[in-house]
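Before any comments, here is the structure.
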Amino acid sequence: MTTAMSLFFVFTADEEDTVIDSDGRQERAKEKERKKERDRKRRRNVARRASSARKEGKELEDRPGREERRGRKKRDKEGKGKGGEDERQEEVKNDTVAKTQKNFSNENTRKLEQKEIEVVGEEDGDTEEKRKNGRPEKGGKKEDNGRGETVEKKQKKKRVETSAEHESSEEEEDEEEKVGEEKPEVLSPEELEKLKEEVDERKKLISTLRGKPWPMRKKLLTLRESHEFVEKYEGALGKGKSRKLYAYKVMMLKKWMKFQRDFENFKTACVPWEMKIKEIESHFGSSVASYFIFLRWMYGINMILFGLTFGLVMVPEALMGRPYGSMPRKTVPRADEANAMDFAVLWDFGGYAQYSVLFYGYYNSQRAIGWLKFRMPLSYFLVGVGTVAYSYMVVIRTMARNANEDGGGDNNSFNFSWKMFTSWDYLIGNPETADNKFASITTSFKEAILEEQESRKDDNIHLTRFLRVLANFLVLCCLAGSGYLIYFVVRRSQKFALEGLESHSWWERNEVNMVMSLLGMFCPMLFDVISALENYHPRIALQWQLGRIFALFLGNLYTFIIALMDEINLKREEEEVLKLNMTIWEASLYNGTMGANSTAPPITVHPADIPRGPCWETMVGQEFVRLIVSDTMTTYITLLIGDFLRAVLVRFLNYCWCWDLEAGFPSYSEFDVSGNVLGLIFNQGMIWMGAFYAPCLPALNVLRLHVSMYLQCWAVMCCNVPQERVFKASGSNNFYMAMLLVILFLSTLPAIYTIVTIPPSFDCGPFSGKSRMFDVIQETLESDFPAWFGKVFSYASNPGLVLPFLLLMVLAIYYLQSTSKSYKQANLELKKKLQTQNEENKKKTKMAALKAAMDLEEAQKARSEAPRQQRKNNASQQSYTGEKNTVTGHLVSSFVFVYPPAPRGHRIPGPLPGNQWQPAPSVQRVPNSQRHRV
Amino acid sequence: MGTTASQLGKDLLSEYQELTFLTKQEILLAHKRYSELLSKEDRNLTSVPMEKVLSLPELKSNPFRKRICHVFSTSDMKDGSLTFEDFLDLLSAFSDSATLEIKSHYAFRIFDFDDDGTLDGGDLEKLVNCLTGKTEDTRLTPEEMRQLISNILEESDIDKDGTVNLSEFQHVISRSPDFVRAKSLFCRTA
């Protein structure tokens, strides 16, 4: 604070004004009764002067001065409040008191003057100066300044300020008396307008202040000053009743702003794991942190999906639907009852888990359930659709925002500069990471230089090409092989399933998932080895690698789905057979009871005994849930073995090993950002695919993400080392998002296909009994909406209307795309224009400089000749004009050289005796003036 | 937390919030960290000397740490010591939500090693040396350095006066895809 205050004193050249303010106020408090009349007059004056001063546009120069003044005053007040801040403060107060006494006498004269001012009007600047000149300190300064015009204006302005302050302070004091009688005549509309503008300007300043690269002290002062200004004048803006309204509005606005700020604070406080991520960021740089941010984002999405399915599907069915055991689809069949509670079965999501709200089959097709008349099937369908729609919306919106942030920067016109200016990751706080970063920056510089050199000559292109083709061929082989393996395994598992699972070992039962997980683990390593052949730039290599892993996962997933489709068809055949058997079974049952007694009591068979269909939907859901679980398990186990165990071994075996384990071969593992992100993306794809048939999937995924957040944070911090190639994350951010979008699309495809084309099972799920799942919409339209609505809907879904609409959308997309293209083109054009203009400017300045130099030479020549002639003529005159002409001659000559080609003789009244030293200043002057004229 | 809040004062806190890109929690946290830096022997000092600021784990391995202190310091002695307000300025400029404009402004000043308002060859060379670290094997050879600097000037020096000025710098920076996100600094708290 001490330094701050001392700085103030350096700055505040116009303390006097402040003093006048404060003691003026005191004075006023004493002479309240005299004041009113004078006030009214002065206020009129003030407004006029304020507007005129504003017209002159002096605010900018004036502001700093005012700032300091206000700032100081405020600090004064604070100082009084806090007490004992420092000695400087005391000094200020003493100062003020002293000046108060001094100026007390001035006060009377000033009052007189104010009346004068009213009469004289515009002359007030002078009177003020007279007053000021009366004071000893100020008088000296003023004379130094030579009574320049600017000073005068400033003074005027300050006067305006001071009196304006009085005005407002009085307004506060006796508002009640004056309202209604004085205000309306005080400010004319245009003055009001100007005041308003000023206030708005201040408000804008306040809101943009944080974006100004000023030191905090300056910002603080400006803020306080502007706040005070706004507070003061905002009140004066309205009249009469509207004034109160205005004040109220302003107050509400302030409250609202404060609320918004608090809300922002609250929001940031609510973001989970912020500190954890920051900590990782500081150790490993932004790329690793970007994975965790992505994970958190995923978690958020899954939370919402979970909320949808849990709140609108699972809970209503569990609470309001018919209870467990009331009907066949909600009961474990008799054959499975014995071991339905075994852990092995539950872990496989069979038994009781299968016949619960977790899966599709449990839901009843009753149209409305409970006292709420909740439309269960409709809700089920809409939640399924909404899940997908919401995911699309979020992903696309995020992508658009990312793209905006990228700003469509042109790819590598500033390649080197970006490397130079933006390559340091300011988040790195770990020396080891910093060392890695240094190394990577150096290599990137070297690479860039080499690339620049090699961009002209590229030798041995054939070998590289051959190697790249070979690498791609190998990768394709890998992909095909893995695809076949999965297909084979799935078919085998179907065979096993037909034979009955009990007769097979654990491996045979879990073969599919295990094979998929293992492939996902080892194939990327293989790709990594293969990509060494290609000799790509690391960044490009990374993208290839990501693309390949993506293809692998996708291929595996689709093989899995195709196999699943086969299974669905099998189940449906089974179902057909069962339907036939069912009628026979019913008939036999009926006949049996008929035979026993003819009164025919209602047939009561326990739901567990009723034969039922295979319910392919539940089967699909189960498959996906199992896949997710096994995937999660593999991830965790690889984390524990690959990272933790390895780190422990390396750490502790290092004491008794023949080579350095930490630096040598096994070393610690790095955090594999791309692999982890891909894993996350695929996991999410499976969730989207399976969520329709297993409403529990989002819940499971939330659990998984939650656990992996903590587990991976811990693993990263305790057993990973920073990457050797620390690359920035944000560049590839949209790359990941694009992948997510592709996955979303590809995973909704099969789900939608099954929903639309395959008829639902006849005895399980919310859509049983309908020929297609989406018939539920039709049903709702018919029974729950008025007839005309159904009609409108049927018209709207008419192909004749839908097709033109689609066409329109396509056209709109085409239009938007072409406009964006043209914008890009225009951007490029503008850039080119800018460049050419720059070049032209450069040329022009060069030309101008050349021309000026030539002119200068000419002028010098002319000048050296001219005096020679003149000297002959005026040799006698020189003796008596000597001293004077040196000065004027120099002055004039500098004028002359503004127009070098003009003949000198016309302008120079006398001879130029100071010729010997004149060329020096004019040499500097000529090019300058030339440049201005160009 | 409560003690820091009372130390800072409610008005001041809200003013700081209005003037920086930091949230309330962050300001309080910053105050905590700052007073921890002060706490040892010099409670009554108004500014923290540069050595102490440099010992912050966030800045410890930053090659520009001294420049950062000098740029944000408002002390008269030019010793790079930071008052709390300077410290807040620093954190605000480095926070996630700061605008590109302010970031590029301060980045320029950090890179401008001789404080003359332009980035000339000398500045760029120092900058490269900062970025490539201290060890010998990561340094560039003079030939590479010359090539690099001439490349950079070729790209960014639009008016071809041999130096990069602020507006040229901002122009280049604003095109960069990873500048905005790259600078945030508010890491460990424990």
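Every read-out reported here was derived from the displayed coordinates using simple, explicitly stated rules and does not represent laboratory data. Owing to the predicted nature of the structure, the values given are computational and were not obtained by experimental measurement. When we count neighbours, we look across all protein chains shown, and the Cβ atoms used for this are built from the backbone with ideal geometry, even at glycine.
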Completion exercise
Karplus-derived 3J(HN,Hα) from phi for segment A:646-652 (6.51 cos²θ - 1.76 cosθ + 1.60, θ = phi - 60°), whole Hz, x at Gly and Pro, runs 4, 4, 5, 4, 4, 5, 9
Practice task
Would you kindly state how much longer the chain becomes between A:Tyr815 and A:Glu670 on full extension, computed as 0.36 nm times their sequence separation minus their alpha carbon distance, in nm to one decimal?
Solution key: 47.5 nm
Practice task
Any chance you could check the Cα centroid distance between segment A:193-218 and segment A:747-802 for me, in angstrom?
Solution key: 58 Å
Problem - Only Lys, Arg (+1) and Asp, Glu (-1) charged, at Cβ; segment A:303-395 dipole about Cα centre in debye - result: 500 debye
Fill in the blank from the handout: For A:Ser188 and A:Ser505, extending 7 Å from Cα along the Cα-Cβ vector and measuring point to point gives, in nm, a value of 10.3 nm
Exercise for the section: Distance from a point 7 Å along Cα→Cβ of A:Gln494 to each backbone N in segment A:560-588: keep the residues under 16 Å and list them by number. Expected result: A:560-576
Fill in the blank from the handout: So A:Ile758 and A:Phe793, fully extended at 0.36 nm per residue minus their Cα-Cα distance, gain in nm 10.2 nm
Fill in the blank from the handout: Residues whose built amide H sits under 5 Å from the amide H of A:Phe374, excluding neighbours closer than 5 in sequence, are A:Ile369
Practice task
Scan segment B:57-89 for trypsin sites (Lys or Arg not before Pro) in coil per DSSP, keeping those whose Cβ has at most 13 other Cβ atoms within 10 Å, and list them by number.
Solution key: B:Lys78
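Considering Cα pairs under 8 angstrom that are at least six residues apart, work out the relative contact order of segment A:681-824 and quote it in whole percent. Write down the numbers at each step before the final one.
Details: 58 pairs, mean separation 25.6, N = 144.
Dividing the mean separation by the residue count of segment A:681-824 yields 18 percent.
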Handout entry: Positive-pole candidate from A:Trp657, A:Gly679, A:Pro614, dipole of segment A:595-716, charges at beta carbon
Key = A:Pro614
Handout entry: Computed magnitude of the charge dipole of segment B:7-90 (debye, nearest 20; Cβ of K, R +1, Cβ of D, E -1)
Key = 360 debye
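State, to one decimal in nm², a quarter of the convex hull surface area for the C-alpha atoms of segment B:30-132, i.e. the direction-averaged projected area.
On the way: hull surface 28.4 nm².
Taking the Cα atoms of segment B:30-132, their convex hull projects to 7.1 nm² on average.
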Practice task
Using a Förster distance of 56 angstrom, determine the FRET efficiency expected from the C-beta separation of A:Trp347 and A:Met252, and round it to 0.05.
Solution key: 0.40
Fill in the blank from the handout: Interchain or sequence-distant (5+) residues whose placed amide H lies within less than 5 Å of the amide H of B:Thr83 are B:Val48, B:Thr74
Problem - Cα lying deepest toward the dipole's positive end in segment B:55-116, options B:Ser104, B:Asn62, B:Leu91, charges on Cβ - result: B:Asn62
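Given a Förster radius of 60 Å and the C-beta distance between A:Leu372 and B:Asp76 as r, what FRET efficiency does 1/(1 + (r/R0)^6) yield to the nearest 0.05? Don't skip to the end; give the middle numbers.
Details: r = 73 Å, r/R0 = 1.22.
Calculated transfer efficiency: 0.25.
Using Cα-Cα distances under 8 Å and only pairs 6 or more residues apart, what relative contact order does segment A:571-724 have, in percent?
Values: 91 pairs, mean separation 42.4, N = 154.
It comes to 28 percent, rounded to a whole number.
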